[in-house]
Amino acid sequence: NGAQLSAATSGIGDAGNVILSITETARFDGADPFDGSPSGAFSSVETGGEGQGGNVELSASNLEVTNGAVLGAATVGIGDAGDVLLSITETARFDGADPFDGSPSGAFSNVNTGGEGQGGTVELSASNLEVTNGAQLLASTFGIGDAGDVLLSITETARFDGADPFDGSPSGAFS
């Protein structure tokens with residue numbers, strides 16, 4: 001509920017990478033009930049920062065990102081957003097939204113408002129993928145620069161189902 005692993009730059013210099021190697025299940029759930037900060041792993045170029053964003057890299061047997069939790073790379077400064085690279089041997093599950101503000105669970109690489117740079121790639125390989133109840137896999141730009149790509153390599157089943165119960169946004173993969 002709001003726990004974060006993060007690397008960022010708010011000055012001059014590159015943000016670091018967040019690299020996680022999990023033997024069993026990696027689980028990210030919810031958001032801070034006081035300030036709405038999502039649980040997750042992040043690398044970012046913050047406002048006032050100048051440098052390249054780092055990557056968020058995660059390998060695990062299973063991955064669960066639920067109730068508004070996020071795996072994300074972004075820029076709101078000057079510099080490219082990093083990539084989100086997920087290597088899951090069994091099932092990757094993204095479900096639902098933050099119960100406080102409706103923000104979707106998901107994996108994101110964004111150039112946010114005020115940011116200048118290229119968006120990164122969201123790349124996921126897994127045997128099975130579930131994206132449900134408004135969760136999203138997203139590469140986007142709301143600043144200056146191109147959005148990145150969303151690349152999915154699923155060997156068995158991919159399921160996209162439902163919408164965000166707060167605002168009706170569909171579950172999906174978007175770039």
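The values are calculated or read from the model by the stated rules, or taken from the named source; none is laboratory data. All of these numbers come straight from a predicted model, not from anything done at the bench. FYI the Cβ positions are ideal-geometry reconstructions off the backbone, even for glycines, and counts take in every protein chain you see. Accessible surface areas use protein heavy atoms only, side chains included; no ligands, DNA or RNA. Shrake-Rupley method; radii C 1.70, N 1.55, O 1.52, S 1.80 Å.
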Failed condition for residue 57, given (1) within 16 Å of the chain's Cα centre (by Cα); (2) crowded, with 23+ Cβ neighbours inside 10 Å; (3) under 23 Å from residue 111 (Cβ atoms), with all others met? (2)
Within region 22-62, which strands (runs of 3 or more DSSP E) (wholly inside it) include 2 or more residues that are touching a Ser or Thr at 6+ places or on another chain (Cβ under 8 Å), farther than 30 Å from residue 78 by Cβ and of a type outside the set (A, V, I, L, M)? 25-29
What are the residues in region 67-83 that are in contact (Cβ under 8 Å) with a residue 40 or more places away in the chain, of a type outside the set (Asp, Glu) and within 21 Å of residue 154 (Cα to Cα), if any? 70, 71
Here is a check on your reading of the model: is residue 94 aromatic (Phe, Trp, Tyr) and surrounded by fewer than 18 Cβ atoms within 10 Å (Cβ to Cβ)? no
Residues of region 5-50 satisfying the condition of being among the aromatic types (Phe, Trp, Tyr) and open to solvent by 30 Å² or more (accessible area, probe 1.4 Å): 34, 42
Among residues belonging to region 74-91 that are assigned to a strand (DSSP E or B) and either open to solvent by less than 10 Å² (accessible area, probe 1.4 Å) or not polar (S, T, N, Q) (or both), point out the one that is nearest to residue 41 (Cα to Cα). 84
So the strands (runs of 3 or more DSSP E) completely within region 104-175 holding 2 or more residues that are open to solvent by 10 Å² or more (accessible area, probe 1.4 Å) and of a type in the set (A, V, I, L, M, F, W, C) are 150-161, 172-174
Being at pLDDT below 95 and polar (S, T, N, Q): is that true of residue 37 here? yes
Based on this model, can you work out whether residue 8 counts as over 23 Å from residue 167 (Cβ atoms) and among the aliphatic types (A, V, I, L, M)? yes
